[in-house]
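Structure first, then comments.
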Amino acid sequence: MAKITVENLTKIFGNHPEKALTLMDQGVSKDEILMKTGQAVGIKDVSFEIEEGETFVVMGLSGSGKSTLIRCLNRLIEPTRGKIFVGDNEVTSMNDNELRLFRRNKQAMVFQQFALFPHRNILENTAYGLEIQNADSAEKNERAQKALELVGLKGWETRYPEELSGGMQQRVGLARALAVDPEILLMDEAFSALDPLIRREMQDELLDLQQKMNKTIVFITHDLDEALKIGDRVALMKDGEVVQIDPPELILTNPADEYVAKFVEDVDLAKVLTAEGVMIHPKEVAFPKDGPRIALRKMKDKGISSLFVVNRNRQLQGYVTAEDAAKAAERGEKELTGIIQTDSPRVSPDTTLNELFEVSASASIPIAVIDEEKKLLGIIIRGAILSALSKEAV
Amino acid sequence: MFNPLDLIPRIPLGDWIDWFIRWLLFHIGDFTRALAAILRSAIDAFNDGLMAVPPILLILIFSLIAWRMSNRSVALFSFVGLALIYNTQLWGASMETLAMVLLAASLSIIIGIPVGILSARKELVHRIVWPVLDLMQTMPAFVYLIPVVFFFRLGVVPAVMATVIFAMPPVIRLTGLGIQQVPKELVEASEAFGSTEWQKLVKVQMPLALPTIMAGVNQCIMLSLSMVVIAAMIGAGGLGGAVWRAIQRLDIGGGFESGLAVVVVAIVLDRITQRVRKSNSNG
């Protein structure tokens, strides 16, 4: 049986939802209802079921009602009409006390802007959910500690959120949710505020974690790539209504209507086929102060024959080859400065694949992707372009 | 020239207020007398406590607190300033003033913070309290002195009552503001994990509002000091009394000495409480 069941869920914002409901039932459009009654339709008659262990992605543009929908699931926003069941329990009919227990024990939420408590350190943040359940102090710390280890943040317990990068902060957000061991994980655009590369890393990690944990996940996003990547099923929302619910392949190959088709087409061209879409995180970089021996060791460790050199601000300086580094080491040089080559191919993140292909044909080393401030965002190896192009052909 | 407004007879607003105060006085006289007695003994306790400590020890204690809360130059200033007060024989008056300030500010904070919290959480309370605060803050300070004399006669008790009314608004306002300014997402996060209202308040809203609340406390203490000085007009004594006497005798030198003592006390109190606010916003 379904883990989460949503039946005819409707949310109207405003003081007089009854009027809007009547009009809505008569088939009057959202805009017209707003004009006539001043009530805004947030979500309109949405129904779906989510299976246990499923990752269910709700995808839509801003204003499509996806954030409202996820907040109805734990009643941070009170639904106007309709029912929500989790297992056999009806969430929509719970009183304050039952609702509090449901929030504590059954579900946990991860927020777009992380929503970490700035006055609490990382461990205290992670333990928040357990703390308000008055969990035993030793057990509380142990479970929070475990959750932090799970997201790779061991050793950061006594730091404060402001000391962490965005990606790490969201790992804390995830750890805080996992610490209470919820059956349902509600993720509200959890990765949208992160840099593209970090975002992809987090997506991969979530997929890894999900293999181990098998939670029921409701994931909100406005990014189609993300939706297709992590969703077992994707629900597409438009103007407060669900337009299509299907597994990713079906969304791509069998769009339910023109809106979905347009969406899929646009996003494909604009996003997947750019430098940003195929770049990877550089395995290793060198700094000008590094000695040639350090550079050599880094290359050997990663099995690569050249290394990009960046300064402290991650601005690209050039690259060194293993050959040059070995010679410099023999000469006894202490810094890389003398052997940095600056003729490496560089492109911006929005360079299209066709352009990239020309650049890469004449390059012997990977292509560096840099932003306006010359910061190294990622690198593109030749194989990546070929495989992306071949996928496009299919 | 004919003015249509002249057709309306004068509204006896003042008479009504007079009547209302007398009516109150008649009906709640026992209450005010009991309150006066409690306040009286509280002030005496504060005052006796301050006077029981040898002045030099108290000066050192204040300087040490100033050092800890602020820096060495403020500590030095406190030491020299307070020593000067002792030297000009205004020590007793200063301690009387300080006792009144401490009592009035404590009462303002004890009442003000809960009211501020309520006004931030309940729209109805907010809508009632805010106009009252506007009234309390824009009404000239002297006007409070008249009704409190009615209820509490002359002396330190009415002075403290008037001071509490005068100094409480910033505590309420800044507590309310501080809590309303806590980012919505953090409040949401706290709710999403199943916090009770009390847990939300104590674990999230209050700690994050603390720097703002402390700004209100600092303002409250400074306003208390200024009002306690003005309240010399209704016989509050203390440094205000010294200033008042100097005015009546046209004693320029004496007036300045007392005025300077007020400034010293004000600066010491301000620096100490300001620092509390800063250290909290950093941590």
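Residues are listed down the side, and each one gets a yes or a no for (1) without any contact (Cβ under 8 Å) to a residue 60 or more places away in the chain; (2) buried (at least 19 other Cβ atoms within 10 Å of the Cβ); (3) under 20 Å from A:LEU252 (Cβ atoms):
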| position | (1), (2), (3) |
| --- | --- |
| A:GLY166 | yes, no, no |
| A:PRO182 | no, yes, no |
| A:MET202 | yes, yes, no |
| A:ASN214 | no, no, no |
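Can you name the residue in segment A:372-385 that is at pLDDT 75 or above and surrounded by fewer than 13 Cβ atoms within 10 Å (Cβ to Cβ) and is also nearest to A:ASN313 (Cα to Cα) among such residues?
Kept after step one, since they are at pLDDT 75 or above, are these residues of segment A:372-385: A:372-381.
Keeping just the survivors that are surrounded by fewer than 13 Cβ atoms within 10 Å (Cβ to Cβ) gives A:372-373.
On the way: A:GLU372: 13, A:GLU373: 10 Å.
Step by step, filter segment A:372-385, then rank; the result is A:GLU373.
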Flag if A:ILE198 is farther than 30 Å from A:THR321 by Cβ and at pLDDT 85 or above: no
In segment A:186-214, residue nearest to A:LEU174 (Cα to Cα) [restricted to those that are in a loop (DSSP other than H, G, I, E, B) and away from every other protein chain (no Cβ under 14 Å)]: A:PHE191
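Yes or no, residue by residue, for (1) surrounded by 17 or more Cβ atoms within 10 Å (Cβ to Cβ); (2) at the interface with chain B (Cβ under 8 Å from one of its Cβ atoms); (3) β-branched (Val, Ile, Thr):
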residue	(1), (2), (3)
A:LEU73	yes, no, no
A:GLU78	no, no, no
A:LYS83	no, no, no
A:ASP88	no, no, no
A:SER93	no, no, no
A:ASP96	no, no, no
A:PHE102	yes, yes, no
A:ALA115	yes, yes, no
Subset of segment B:151-199 (residues that are of a type in the set (Lys, Arg) and within 22 Å of B:THR212 (Cβ to Cβ)): B:ARG173, B:LYS184
Tally, over segment A:117-134, of residues that are within 9 Å of another protein chain (Cβ to nearest Cβ) and on the phi > 0 side of the Ramachandran plot: 0
Tally, over segment B:176-186, of residues that are surrounded by 18 or more Cβ atoms within 10 Å (Cβ to Cβ) and either within 9 Å of another protein chain (Cβ to nearest Cβ) or among the small types (Gly, Ala, Ser) (or both): 3
Residue in segment A:158-181 that is within 13 Å of chain B (Cβ to nearest Cβ), more than 20 Å from B:LEU186 (Cβ to Cβ) and of a type in the set (Asp, Glu) present: yes
Subset of segment B:1-32 [of a type outside the set (A, V, I, L, M, F, W, C) and surrounded by 12 or more Cβ atoms within 10 Å (Cβ to Cβ)]: B:ASP18, B:THR32
Conditions (1) part of a helix (DSSP H, G or I); (2) over 22 Å from B:VAL228 (Cβ atoms); number of the one not met by B:VAL157: (2)
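Of the residues A:GLU355, A:GLU330, which is exposed (fewer than 15 other Cβ atoms within 10 Å of the Cβ) and within 30 Å of A:GLU265 (Cβ to Cβ)? Break it down stepwise before answering.
On the way: A:GLU330 fails: within 30 Å of A:GLU265 (Cβ to Cβ).
Only one candidate qualifies: A:GLU355.
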Some residue of segment B:129-136 being of a type in the set (A, V, I, L, M, F, W, C), surrounded by fewer than 22 Cβ atoms within 10 Å (Cβ to Cβ) and under 25 Å from B:ASP44 (Cβ atoms): no
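The values are calculated or read from the model by the stated rules, or taken from the named source; none is laboratory data. The structure displayed is predicted, hence computed values, not measured ones. Ideal geometry is used to build each Cβ from the backbone, glycine not excepted, and the neighbour counts take in all protein chains shown.
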